[in-house]
1. What number of residues within the range 185-210 satisfy the criterion of being in contact with a strand residue (DSSP E or B) (Cβ under 7 Å, 6 or more places away or on another chain) and touching a residue at least 24 places away in the same chain (Cβ under 8 Å)?
2. Output the residues belonging to the range 19-47 that are of a type in the set (K, R) and free of Cβ contacts under 8 Å to residues at least 40 places away in the same chain.
3. Test V155 against the stated conditions and say whether it is at pLDDT 95 or above, hydrophobic (A, V, I, L, M, F, W, C) and surrounded by 11 or more Cβ atoms within 10 Å (Cβ to Cβ).
4. Quick check on my filter: what residues within the range 1-37 are among the charged types (D, E, K, R) and surrounded by fewer than 21 Cβ atoms within 10 Å (Cβ to Cβ)?
5. For the list (1) under 20 Å from T15 (Cβ atoms); (2) touching a helix residue (DSSP H, G or I) at 6+ places or on another chain (Cβ under 8 Å); (3) not in a loop (DSSP other than H, G, I, E, B), I need the number of the one condition that L193 fails.
6. Considering only residues that are more than 10 Å from A37 (Cβ to Cβ) and of a type in the set (A, V, I, L, M), look in the range 49-76 and name the one that is surrounded by the most Cβ atoms within 10 Å (Cβ to Cβ).
7. So how many residues does the range 147-184 have that are of a type in the set (A, V, I, L, M), without any contact (Cβ under 8 Å) to a residue 40 or more places away in the chain and either within 11 Å of the ligand (Cβ to nearest atom) or in a helix (DSSP H, G or I) (or both)?
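The values are calculated or read from the model by the stated rules, or taken from the named source; none is laboratory data. Note that the coordinates shown come from a computational prediction; the quantities given were computed from them, not determined experimentally. Here the Cβ positions follow ideal geometry from the backbone for every residue, glycine too, while neighbour counts run over all protein chains shown.
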Amino acid sequence: MIIAIDGPAASGKGTLARRVAAAMNYAYLDTGLLYRATGAKVLALGGDPDDVDMAVMAAEKLQPEDLENEDLRREEVGNAASRVAAIPKVRAVLLDFQRHLAKNPPGGKHGAVLDGRDIGTVVCPDAPIKFFLTASVAERANRRFKQLQEKNPAVIYERVLNELEERDARDSARDIAPLKMADHAIHIDTDRLNADAVFNAVMAHIRTHM
Ligand code: C5P
């Protein structure tokens, strides 16, 4: 059983996917982390995330421990991630890993929850349950701003908003696997819903589909 959760940056899909995976006792894969770790590797080498050869090499050399770095959450890394994510060869390298994990969840679990941008459309088009989360850019920037502010009181709201808008535009406009709702996905607009309400709605859908 595979549950696909897609949506733009800061739409709440990570929090939701983690909770759903725990409730179902499924494995959880945050696929954005793969692109973030690839982007972070290029930055650490002093490279340019638009440099195809370097980005592909970084993706090919990814190790599981690269996904555990706290710095991956930084907006600068999110930006580099969305640049490497527009390179078809980078996506091809990371695709196999995602599909393998979806079909062979670790720990003997019976299913997996994957979140990202193209899970329902490209990575797991046959997933029986797909969700597409959205929220207005102002609401998403607000949520991300509050999260970042806990760690860094000097964070500037306008910068967070601009970076989200830039990333959304790049993720939606790219030629390969753009952010797009899959046919038959369940669309949830989270603007006026808190995390508990979204979780309860999603679990109700899952139960009716099992
Ligand atoms: O979800 P998150 O914000 O961590 O993703 C970081 C970046 O990785 C996104 O902006 C997007 O460009 C890329 N990504 C992707 N496909 C996925 C997951 C993430 O292109 N399945």
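1. Number satisfying all stated conditions: 11.
2. The one that is of a type in the set (K, R) and free of Cβ contacts under 8 Å to residues at least 40 places away in the same chain: K41.
3. no
4. R18, R19, D30
5. Result: L193 passes all but (3).
6. Per the stated criteria, the residue is A55.
7. Looking only at that region, the number is 3.
A quick yes/no check of all residues on (1) in contact with a strand residue (DSSP E or B) (Cβ under 9 Å, 6 or more places away or on another chain); (2) under 23 Å from V122 (Cα atoms); (3) modelled with pLDDT under 95:
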{"site": "L34", "(1), (2), (3)": "yes, yes, no"}
{"site": "A58", "(1), (2), (3)": "no, yes, no"}
{"site": "E65", "(1), (2), (3)": "no, no, yes"}
{"site": "N69", "(1), (2), (3)": "no, no, yes"}
{"site": "E75", "(1), (2), (3)": "no, no, yes"}
{"site": "N79", "(1), (2), (3)": "no, yes, yes"}
{"site": "I87", "(1), (2), (3)": "no, yes, no"}
